[in-house]
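For reference, the structure is listed below as structure tokens.
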Amino acid sequence: MAVGEFEPKIAGFLCNWCSYAGADLAGTSRMSYPPNIRIIRVPCSGRVDPLFVVKTFQQGADGVLVAGCHLGDCHYNEGNFYSRRRFALLAPFLDYLGIQKERFRLEWVSASEGRKFSDVVTSFTNDLKKLGPRNVLSSGGRG
Amino acid sequence: MARIGVFVCHCGTNIAGVVSIPAVLEAAKKMPGVVVAADDKYSCSDPGQSHIRAVIEQNKLNRVVIGSCSPRMHEFTFRKVMVKAGLNPYFLEVANIREQVSWVHSNDKEKATAKAIDHVRIAVAKVARDEALFPKKVPLTKRALVIGGGITGMQAALDIANAGHPVTLVERESSIGGHMAQLDKTFPTLDCSACILTPKMVEIVQHPNITLLTYSEVRQVSGFVGNFDVEIVKKARKVDAKKCTGCGICWLKCPEKVSAEFNEGLGERKAIYVPFPQAVPLVPKVDLENCLYIKYQNYVEGKSEGKRPMQCRICEKLCPVQALAWDQQDEIVKEKFGAIVVATGYKTFDPSVCGEYGGGKLPDVISGLQLERMFNSSGPTGGEVLRPSDGAHPKTVVLVSCVGSRDEQRGRPYCSKICCMYTAKQTILLKEHDPEVQCYVFYIDIRTGGKDYEEFARRAQEEYGALYLRGRVSRIYEDGKQLVVLGEDSLMGRPVEIRADMVVLATGVEANEGAAELAQTMKLSHDVYDFLTEAHPKLKPVETQTDGILVAGACVGPKDIPECVAQGGAAAAKVSALFSQEMLTSDPMVASVDNARCIGCLLCVQVCPYKAIDTQVLRNGRTVALVNESLCRACGLCPAVCRPKAVNLRGFTNQQLLAEVNALWQ
Amino acid sequence: MTKSYSFYPGCALHASAREYDVSTLLVCRALGIEITELAKWTCCGASSAHSFDTWLGLALPALDLQEAEKAGRPLVIACAKCYSQLKMASHEMQNRETLDNVNHLTGGVLKNTTEVVHLLQVLNLDSPDFTGTVKRPLKDLKVACYYGCLLVRPKDVAGFDDLEDPQIMDDIVRKLGAESVDWGLKTECCGASLMVTNRDVVMNLSHRLLRQAKQKGADCVAVACPLCHSNLDCYQKDIEKVYHDGSSLPVLYITQLMGLALGFTPKEMLMDRHLTDPLPLLRSKGLA
């Protein structure tokens, strides 16, 4: 890796039942991926308030990943359907804030998809590297 | 004032080999609220746990972060350490620095260490906002519901009842017994199926702890482990079960004949009937589609047109105990159960979609289950094997395995598991019924995993002379009075043509009718073939993702009788273990409402998948949301939609998650 | 509504199966289906090209598909083998890399956008109710529809009908007023081009088809493939010499039966070109 290459900061909100377990499986199976992501565990992708995503960008993230169970497989039956709708609506708002919508990703990763988790993080990291650093959001206070 | 202790686990070299532990400890000590940072070779081990306790006590810590393996692995272990150290177990956070750090970033130790430090910092930020939580005790209804009266459900019901708990067994058909009641003999011992099944059926009706509801279906399930509210529809038989003695005069004299489902369409039954002579309970039901008097009533009420049907009522006139009850209506039974066992079984693949096997149009191409009924002495042919087309005894029989199994084109790529064995059994029984019979079996592989199974299948070939041909059948067509079976012998690499008198299709196992709907009702998950999903395919084969609901038998996937019996027993053991407690402990990590902030928009009520949010009217007249803590499953949908941020999820509060976000990077 | 198509006849329709070509053109005109033969077409590769060289098997159909693309209309094909070759090639070339490689080989600029359909799909779907145009219903005629092995297979490529018990031709036959015979060998192989190299196999397979059709009471067999036709019709006498099954069974193209019902004479439908003479049958049913 070239010295001084841009290293994007990524935050991942992973649902406890599928994607967090999928990330654990990637570990158990030693499927390496770029170390750019920091992981926050949530019970369900439907727990993720869009506010958290915006706050994360404000905090300096270059990319935010929300991952949940595949549609129809939600541990709580329908949580991920809410997140699908919610984040479809968030994208244009991100644009409005000057954050390219490619910097946000919603993915479905099941507990058995360690490989998929590793692939998602790898491709997201590479895409963000191509996009380059994000224009700094003026921080409107902390709260 | 938070006094936080950070413990970093080496996990031998699993973590320490990649992540620089001293660097993590150094960084942790500077994090806000952290009083002490220490490390352990193995935090989860006995010495590790004692060390953590000692450090907690020495430093008067009140919150703890452990940097180790995934919280999915040892969070519970460390909570117990907290309790032993005299702290509330929920003042604990686990930073995942093994599965999500050291194991995936071993090629870049520097960056892995940076990430580990970030994960610890996130956990420290969260733990500072943790609240003390206290589990509640909730009462438990020690009554079990078993859905499905086949061999699996019967076994589960008997085992739970014998453990001393009341059980309600619900069966959709008018008799219990399931598919096993249709079989003549069972592999690999050739036990007479009825001889081993009917005593169990009788035991069910006579058991003081078992309430049997046949011709009934579960319509609604709500509630949670220990306290399920269930609605069962008891369908109208039009026969008063209390009066009926099962004498049989009604079904003997009923003039209306209909194709018999129990006999797989071979032979006929009456419009008032019991599916088979050994039915339990031995109470007939009136077939509402075909009974002449019901048709007459519909006609009089203007529900049907055409010729006026006969006002038959012969059964009523002949019944010696006046058991016919024409005004009987469907009845809804509402009851509370502590646990539910789902054992709804399977159905067989319908081969009429297979044009190459005649598409259901060739009368002498029958299914394995139809042959089974012919073998049976109380079956449609009185125990004789006869060609449906002309009643002749077949001398050459071709058996085709994997019909609707291992067939990707027909969307059934899985192995149905039982067909190889029942096909072998049927070649033996065919030969025993008529020594002149020659059997040919087309197979893909012969799968005989099970005690004494392989020996049995070999006997079919070696002692009973069944000729096994490895290959698939491409076409079956009629030629004169015979059937021509075209296939391939893939071991010889040649096409094969066999002129047969009868063909038996070993139809595969499918999820039962209505399995997906039932799963929906009970909020269980199912796979693409509608088989129910167990909590873990190896370690939790009868549990589901929903506490208190168990699955057993062929509703989970193809299984033979011994496996079904074992699973029925296993589910019963789980129910008994649950019922051995006096009270249930509820998880305190649930949603709660801040009444002062709630504006009563009730969006939370709309999104809650568990109907766990009610409303309450405060003394000042405002309506606010109220969480029913025993129904809440802690998904967190409600706090995410709450506009005034009045609803929160304990353990994953907005404050905790935002603290994590703020702590993401230095 | 008139719909227009490009038409790919293939070599057989211009030679041994001229009656299929002629009857197709006349019937389509009568039904208001506009078909225009491709200005320039080449061999589809048939049964030999793809078995010797995969890329040759793709390149030959690609040339024809490119012609069709120039014409800008969907391409209708009457011969089952030509259909299969072109449809399969078009399917394979949905893969970008394959398409690029084929274009490299042919020096072409194929984009692979042409929809390829079989004549039966056009006849059936685009004229859902041609009962009104039937002038001479084929009453009392029992027809065994023979689809052959290629027409509806494989599922992912052709896929317009059931693989084992297709109905598209039977539907047409019923709309003509005739009776379609339900028989079990609709999609079994006739032996195809093995007639050249392994005659016994073809005799056996074709005999099986004819015997079953007769047993099920068919008066004639309807086909939609020149090779099936030639195996079942031309070699019927040779088959008879080996198997002694008695009575001959006329084999007609589905379009010939349609033409007959639409009012054309057997002569116009070139029914006198068959080796198993259908005229005695048609006379006995009052159709000629």
- Measure of exposure for A:Ser32: accessible area at 1.4 Å probe, Å² rounded to 10, is 60
- Could you order B:Ile249, B:Ile97 so the one with the most accessible surface comes first? Probe is 1.4 Å. B:Ile249, B:Ile97
- Query: For the pairing of chain A with chain B, what total accessible surface becomes buried, with a 1.4 angstrom probe, in square angstrom to the nearest 100?
  - Reply: 4000
- Note on the structure: The alpha-carbon center of the range C:37-67 and that of the range B:116-141 are separated, in whole Å, by 69
- Any idea of B:Thr623's accessible area? Nearest 10 Å², probe 1.4 Å. 60
- Query: Once the Cβ-Cβ distance between B:Val300 and B:Ile249 is put in as r, and R0 is 22 Å, what FRET efficiency do you end up with, to the nearest 0.05?
  - Reply: 0.25
- Ordered by packing density, taken as the mean number of other Cβ atoms within 10 Å over each peptide's residues, highest first, how do C:66-75, B:151-160 rank? B:151-160, C:66-75
- Query: Of A:Asn36, A:Asn77, A:Asn16, which has the largest mean-square fluctuation in a 10 Å C-alpha GNM of chain A?
  - Reply: A:Asn77
- Query: On average, how much accessible surface per residue is there in chain B, in Å², for a 1.4 Å probe, leaving out ligands, DNA and RNA?
  - Reply: 43
- Chain lengthening between C:Asn95 and C:Val201 when straightened (0.36 nm per residue, less Cα-Cα): 34.5 nm
- Message: Need one value for B:632-645: mean number of C-beta atoms belonging to other chains within 10 Å of its residues' C-beta atoms.
- Response: 5
- Item | Size of electric dipole in chain B: Cβ of Lys, Arg +1 and of Asp, Glu -1, about Cα centre, debye, nearest 20 | 2360
- Express in whole angstrom the spacing between the alpha-carbon centres of the range A:42-88 and the range B:20-50. 32
- Quick one: among C:Ala218, C:Ala30, C:Ala15, which has the greatest mean-square fluctuation in a GNM of chain C with alpha-carbon springs under 10 angstrom? C:Ala15
- Item | Within the protein assembly as shown, helix-based [θ] at 222 nm, where runs of 4 or more DSSP H residues each add -39,500 (n - 2.57), nearest 500 | -10000 deg cm²/dmol
- Task: Report, ordered by chain and residue number, the aspartates and glutamates lying within cross-link reach of C:Lys40, taken as a straight Cα distance under 15 Å and ignoring same-chain residues fewer than 8 apart.
- Result: C:Asp64, C:Glu67, C:Glu69
- Task: Compare C:Gly263, C:Gly191, C:Gly107 in a GNM of chain C, Cα atoms joined below 10 Å, and give the one with the largest fluctuation.
- Result: C:Gly107
- Task: Would you kindly find the accessible area of A:Asp73, with a 1.4 Å probe and non-protein molecules such as ligands, DNA and RNA excluded, rounding to the nearest 10 Å²?
- Result: 90
- Which order do B:Arg172, A:Arg105, C:Arg29, B:Arg458 take by accessible area at a 1.4 Å probe, largest first? C:Arg29, B:Arg458, B:Arg172, A:Arg105
- With 10 Å bins from zero, work out the P(r) of chain C over every alpha carbon pair and list the percent per bin. 7, 29, 36, 21, 7, 1
- Largest first, how would C:Val196, B:Val6 line up by accessible area (1.4 Å probe)? C:Val196, B:Val6
- Message: Residue by residue through B:472-482, how many Cβ atoms from other chains fall within 10 Å of the Cβ on average?
- Response: 3
- Query: When Cβ neighbours within 10 Å are restricted to other protein chains, what is their mean count per residue of peptide B:36-47?
  - Reply: 0
- For chain A, with every protein chain kept in place, what is the accessible area per residue (1.4 Å probe, Å²)? 42
- Message: Output needed: percent of Cα pairs per 20 Å distance bin for the protein assembly as shown, bins running from 0 to the one holding the longest distance.
- Response: 10, 28, 32, 25, 5, 0
- Query: Assuming R0 = 41 Å, what is the FRET efficiency of B:Thr198 and C:Lys139, from their Cβ-Cβ distance, to the nearest 0.05?
  - Reply: 0.10
- Query: Cα-based Rg (one decimal) and Dmax (whole number) for chain B, in Å?
  - Reply: 32.0, 95
- Task: Whole Å is fine, so just give me how far the alpha carbon centre of the range C:136-172 lies from that of the range B:374-399.
- Result: 34
- For A:Leu89 and B:Val617, FRET efficiency with R0 = 25 Å and r from the beta-carbon atoms, rounded to 0.05? 0.15
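The values are calculated or read from the model by the stated rules, or taken from the named source; none is laboratory data. Everything quoted here is computed from the prediction, not taken from an experiment. With ideal geometry, Cβ positions are generated from the backbone for all residues, glycine too; neighbour counts draw on all protein chains shown. Calculation scope for accessible area: heavy atoms of the full protein, side chains included, ligands and nucleic acids excluded. Shrake-Rupley method; radii C 1.70, N 1.55, O 1.52, S 1.80 Å.
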